[in-house]
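Encoded as structure tokens, the structure appears first; notes follow it.
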Amino acid sequence: MDALYTAVATANGREGRAVSSDGQIDLPLGFPKALGGNGQGTNPEQLFAAGYAACFASAMGAIGRQEKIDVKDASVTAEVSIGKDTDGGFGLAVVMRVELPDHLQGEAGRELLEKTHAYCPYSKATRGNIDVELVVE
């Protein structure tokens, strides 16, 4: 791969800080209440959800431009879940909820999501590793 951009961030655990090299991200980290924490600070699942949703929306825009489909009123919500896996560790699962305008309901919307999922770099990175469910809303 010929890298066009490289993001750099440093974290020191789930109860520390996450900081990007350019200072745009500087966040306290903490365990969510659902995992026994106090809920103070963000967590890796939230950061992954935000990144994946943004990447998927951007990829959908690229597909829309390619195919001359208006997707400007679409929005993407990523739900990232963490749980125990069969190996005794932890794994992730994602539900990608995409609100589409009326003209993209039904088969046209489903096809757009499938093409976006094939194109999106986050989707490519997770394919075969994380269950991703695509939902048209």
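Just so it is clear, none of the values below were taken in a lab; they were calculated from the coordinates. Worth saying up front: this structure is predicted, and the values here are computed from it rather than measured. For neighbour counting, all protein chains shown are included, and Cβ atoms are generated from backbone atoms with ideal geometry for every residue, glycine included.
Things to note:
- Of all DSSP beta bridges in region 44-136, antiparallel share, percent nearest 5: 60
- For region 38-83, a Kirkwood radius taken over Cα pairs fed into Stokes-Einstein (25 °C, viscosity 0.890 mPa s) yields D = 203 µm²/s.
- C-alpha center-to-center spacing [region 11-45, region 61-137] in angstrom: 25
- The chain: angle of helix 107-119 to the longest principal axis, Cα-based, in degrees nearest 10: 50
- Between the beta carbons of Asp73 and Glu107, assuming R0 = 22 Å, the FRET efficiency works out to 0.70 to the nearest 0.05.
- Calculation over all alpha carbon pairs of the chain in 10 angstrom steps from 0 returns a P(r) of 11, 35, 33, 18, 3 percent.
- Taking amide hydrogens as placed 1.01 Å from N in the peptide plane, the amide H of Gly16 sits under 5 Å from those of Leu29, each at least 5 positions away in sequence or on another chain.
- Couplings 3J(HN,Hα) of region 12-19, computed from phi: 10, x, 6, 10, x, 9, 10, 9 Hz, in residue order, whole Hz [Karplus 6.51 cos²θ - 1.76 cosθ + 1.60, θ = phi - 60°; x for Gly and Pro].
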